[in-house]
Amino acid sequence: MPKPPDRYNKARPFRAPTPVGSAPKPINLSDLLAKSKISGREVSQLSDRQRYWRDFLGQRLQEELFRQITGIVEQEGRLSVFASSPAWSARLRFAMAELWPEVSATHAALQTWVVKVQPKAAETWGART
C-alpha cells in the first residue's frame, strides 16, 4: 500500500529534500567563538576560575563528597556547583551552607550559590548495539 501524501500544514513550510552531496559545510570552533563574541582570553579566565574553585572546595570538602562534583561555574554573582546525583546534591547543599560564610567573606562579588544535578558523562565500552 502506498504512503499517503503529507497533509497541508500552514505552520510548517514545505522544504524540498536536500540533494545528495550538498550537505551543509561544518562549522569551525573559531567561527562559533567569533559569533558568540567570546575571546580566547575569556575562555582561559573561565577555566582558571573553575580550577580555583576546584582547589578551594577540594581543600574544604570531604574527599568522597568532592569526587561527586561534576562542574563548578561562577557567573553573574552566583556560584553553581553540579553534583552527580540527587542524593549527592542534597549532601552538597548542606556542606555548601556551612562553607558559605567563608566563601562570602573572601569573595564579596558572590551573592548566592546553587547546587544542581548534572550526571557524569556515560562511559562507552566498545561499539553500541
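I'm trying to understand the selection: among the residues of region 94-106, which are free of Cβ contacts under 8 Å to residues at least 40 places away in the same chain and of a type outside the set (A, V, I, L, M)? F94, E98, W100, P101, S104, T106, listed by residue number. For region 29-37, the condition holds for no residue, the condition being that it is touching a residue at least 40 places away in the same chain (Cβ under 8 Å) and either touching an Asp or Glu at 6+ places or on another chain (Cβ under 6 Å) or among the charged types (D, E, K, R) (or both). Within region 66-93, residues that are in contact (Cβ under 8 Å) with a residue 40 or more places away in the chain reach partners that are exposed (fewer than 15 other Cβ atoms within 10 Å of the Cβ) with beta carbons closer than 8 Å, at six or more positions or on different chains, in the pairs T70/P119; T70/K120; G71/Q50. I need the full set of residues from region 26-42 which are at pLDDT 75 or above and part of a helix (DSSP H, G or I), in order please. Residues satisfying the conditions are L29, S30, D31, L32, A34, K35, S36, R41, E42.
Considering only residues that are exposed (fewer than 15 other Cβ atoms within 10 Å of the Cβ) and either in contact with a strand residue (DSSP E or B) (Cβ under 6 Å, 6 or more places away or on another chain) or of a type in the set (D, E, K, R) (or both), which ones fall in region 50-59?
Q50, R51, R54, D55
Only one entry in Q68, Q118 is at pLDDT 90 or above, in contact with a Phe, Trp or Tyr (Cβ under 6 Å, 6 or more places away or on another chain), surrounded by 11 or more Cβ atoms within 10 Å (Cβ to Cβ) and not aliphatic (A, V, I, L, M), namely Q68.
Can you tell me which residue in region 77-99 is surrounded by the most Cβ atoms within 10 Å (Cβ to Cβ), limited to those that are of a type in the set (G, A, S) and touching a strand residue (DSSP E or B) at 6+ places or on another chain (Cβ under 8 Å)? Let's see the steps before the verdict.
Restricting attention to region 77-99, the residues satisfying the condition of being of a type in the set (G, A, S) are 77, 80, 83-85, 87, 89-90, 95, 97.
Among the residues that remain, those that are also touching a strand residue (DSSP E or B) at 6+ places or on another chain (Cβ under 8 Å) are: 77, 80, 83-85, 89.
Values: G77: 12, S80: 15, A83: 23, S84: 17, S85: 14, S89: 17.
Looking at the filtered set, the residue picked out is A83.
The values are calculated or read from the model by the stated rules, or taken from the named source; none is laboratory data. All values derive from a computational prediction rather than experimental measurement. Neighbour counts are summed over all protein chains in view; Cβ atoms, including those assigned to glycine, are modelled from backbone coordinates with ideal geometry.
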